[in-house]
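See structure below.
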Ligand SMILES: [Zn+2]
């Protein structure tokens with residue numbers, strides 16, 4: 001029994017020309033070889049399965065070939081080429097950094113680099129998944145990369161360029177590999193199918209290519225799987241069954257139903273899709289892509305953006321002819337919004353059904369209101385001089401009567417609004433201060449206002465403020481009327497103290513009773529002293545004393 005060899009290995013490209021989808025990189029490398037401008041380090045970046053390692057191997061083979069052809073491809077016949085194709089060449093060393101990422105692995109590689117090649121001109125070291133090397137391994141490698149022997153060439157490959165440290169990046173010539181286009185993958189698969197004697201429907205290969213998402217290796221392994229499932233006749237329906245891909249046919253049928261305003265049919269189709277096990281979100285994003293594909297069919301300039309097989313492309317063209325542009329515009333708005341709301345929705349199925357419901361009513365208002373015919377919203381391209389005019393927003397579809405038992409409120413996605421968190425500013429750090437600081441700041445302020453408000457200033461300098469508790473300051477005021485005045489005029493003082501001492505400082509103006517015992521300065525011991533003090537403070541009393549002849553003297 002013949003041993004089965006996977007297509008990715010059996011049909012691995014042996015020359016730059018046969019690498020699919022990377023012709024620019026192939027041409028650049030060949031050019032460098034021809035001119036003899038070889039660098040000691042290359043970095044091949046790009047997604048998985050696009051040909052980085054393959055190109056590295058072809059490069060190694062070509063630079064060691066004894067008789068390269070005029071097109072700078074390896075001859076495939078010389079001793080070196082044969083040793084390459086028989087996997088016995090000593091000129092190529094491959095290290096998978098994903099599994100050999102320690103310092104020791106790199107050290108043994110560096111040891112190998114010291115040995116010059118016996119046959120061939122160059123020793124090529126391919127380090128795959130180089131971003132997986134540990135930092136210390138990177139550092140151990142750096143010295144060799146800086147001063148390599150003349151015969152050594154390093155080709156580093158990575159899917160994650162951003163993880164490569166700048167010191168490595170700056171020492172490498174960087175090549176960016178791109179994803180392979182659907183068309184390129186399809187034609188390569190077709191080629192292999194022909195060689196294997198397998199007949200394939202073009203649409204079937206297209207589905208495989210789409211599933212591979214730009215990676216040839218994936219496309220080939222999917223192809224192998226499909227062939228082992230289908231045998232020598234690969235059909236579209238067998239492929240969508242095997243790969244569990246949602247058939248285009250559903251979307252064509254669904255769009256027909258929507259254009260006919262038949263939401264019942266739309267619901268039935270959606271249910272059928274769900275029963276087959278397809279995710280509702282996947283379905284909605286597929287529907288968006290479907291509308292997009294119909295839209296690109298509207299113009300010959302954009303039709304090349306349609307990446308489907310021939311038979312399906314024809315169906316797209318037909319449906320596109322039946323779809324007005326303003327329907328597509330509104331439909332895309334609805335499906336895109338549905339995709340956005342999906343994750344927030346408490347009842348996603350209902351959300352999708354509401355979207356289908358709304359889709360099925362696009363354009364019904366215009367038919368009812370024929371007197372006012374509006375131009376279809378043509379999408380104007382933005383030009384340099386003109387402002388881009390957004391397509392005219394058509395009126396929202398009228399809300400049709402709801403079937404019994406369905407509440408529109410329940411269909412609207414429940415958007416969980418988090419309570420807005422109000423940033424409460426951290427109270428500025430409480431400063432602690434002592435009485436000495438208080439007195440200093442107090443006097444400072446009083447001095448500052450001396451020329452502007454001399455009376456207020458002198459009143460503040462009259463006594464010494466007292467710190468009665470942590471933030472409370474007491475200042476004596478003689479006379480109730482002055483207390484009010486001080487309260488009115490002390491805002492600025494308070495602001496000064498808050499700023500310099502503590503934001504929570506408070507000043508209490510304490511009306512001082514005219515009480516002999518409390519005054520420090522003048523202790524009033526005798527009746528005479530007391531009377532004198534009272535009369536001097538209040539001339540009315542003096543008058544009364546005189547009037548009533550209360551002379552005590
Ligand atoms: Zn050769």
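Figures for the structure shown
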read-out: Residues (outside any loop (DSSP other than H, G, I, E, B) and in contact with a helix residue (DSSP H, G or I) (Cβ under 8 Å, 6 or more places away or on another chain)) located in the range 24-41; value: 25, 26, 27, 29, 30, 33, 41
read-out: Hey, residue 91 farther than 30 Å from residue 191 by Cα, buried (at least 21 other Cβ atoms within 10 Å of the Cβ) and within 15 Å of the ligand (Cβ to nearest atom) or not; value: yes
read-out: Residues located in the range 50-64, provided they are surrounded by fewer than 23 Cβ atoms within 10 Å (Cβ to Cβ) and within 10 Å of residue 120 (Cβ to Cβ); value: 63
read-out: Any hit, the range 213-220, residues being touching a helix residue (DSSP H, G or I) at 6+ places or on another chain (Cβ under 7 Å), buried (at least 21 other Cβ atoms within 10 Å of the Cβ) and over 28 Å from residue 277 (Cβ atoms); value: yes
read-out: Residue list for the range 459-474, restricted to those being out of contact with any helix residue (DSSP H, G or I) (no Cβ under 8 Å at 6 or more places or on another chain) and not in a loop (DSSP other than H, G, I, E, B); value: 462, 472, 474
read-out: Qualifying residue in the range 6-17 (condition: surrounded by fewer than 17 Cβ atoms within 10 Å (Cβ to Cβ), in a helix (DSSP H, G or I) and within 16 Å of the ligand (Cβ to nearest atom)); value: yes
read-out: Some residue of the range 104-119 being in contact (Cβ under 8 Å) with a residue 12 or more places away in the chain, more than 38 Å from the chain's Cα centre (by Cα) and within 16 Å of the ligand (Cβ to nearest atom); value: yes
read-out: Only one of 56, 41, 60 that is touching a residue at least 40 places away in the same chain (Cβ under 8 Å) and within 16 Å of the ligand (Cβ to nearest atom); value: 60
read-out: Which listed residue is part of a loop (DSSP other than H, G, I, E, B) and away from the ligand (no atom under 16 Å from the Cβ), from 74, 137, 98, 157; value: 98
read-out: Test: residue in the range 23-35 that is assigned by TED's automatic domain parsing to the domain that holds residue 132, under 30 Å from residue 223 (Cβ atoms) and within 15 Å of the ligand (Cβ to nearest atom); value: yes
read-out: Residue 68 surrounded by fewer than 22 Cβ atoms within 10 Å (Cβ to Cβ), within 8 Å of the ligand (Cβ to nearest atom) and assigned by TED's automatic domain parsing to the domain that holds residue 28; value: yes
read-out: Only listed residue being within 31 Å of the chain's Cα centre (by Cα) and more than 15 Å from residue 356 (Cα to Cα), chosen from 330, 307, 314; value: 307
read-out: Filter result for residue 168 (modelled with pLDDT under 90, in a helix (DSSP H, G or I) and either surrounded by 15 or more Cβ atoms within 10 Å (Cβ to Cβ) or assigned by TED's automatic domain parsing to the domain that holds residue 215 (or both)); value: yes
read-out: In the range 210-230, the residues that are without any contact (Cβ under 8 Å) to a residue 24 or more places away in the chain and over 31 Å from the mean Cα position of the chain (by Cα); value: 225, 226, 228, 229, 230
read-out: Some residue of the range 121-132 being in the same structural domain as residue 157 (by TED's automatic domain parsing), within 16 Å of the ligand (Cβ to nearest atom) and part of a helix (DSSP H, G or I); value: no
read-out: Within the range 491-506, tally of residues that are in a loop (DSSP other than H, G, I, E, B) and crowded, with 17+ Cβ neighbours inside 10 Å; value: 3
read-out: Residue 200 free of Cβ contacts under 8 Å to residues at least 60 places away in the same chain, in contact with a strand residue (DSSP E or B) (Cβ under 6 Å, 6 or more places away or on another chain) and outside the structural domain of residue 53 (by TED's automatic domain parsing); value: yes
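The values are calculated or read from the model by the stated rules, or taken from the named source; none is laboratory data. Since this is a predicted model, take the numbers as computed values, not measurements. So basically every Cβ, Gly included, is an ideal-geometry build from the backbone, and we count neighbours across all protein chains shown.
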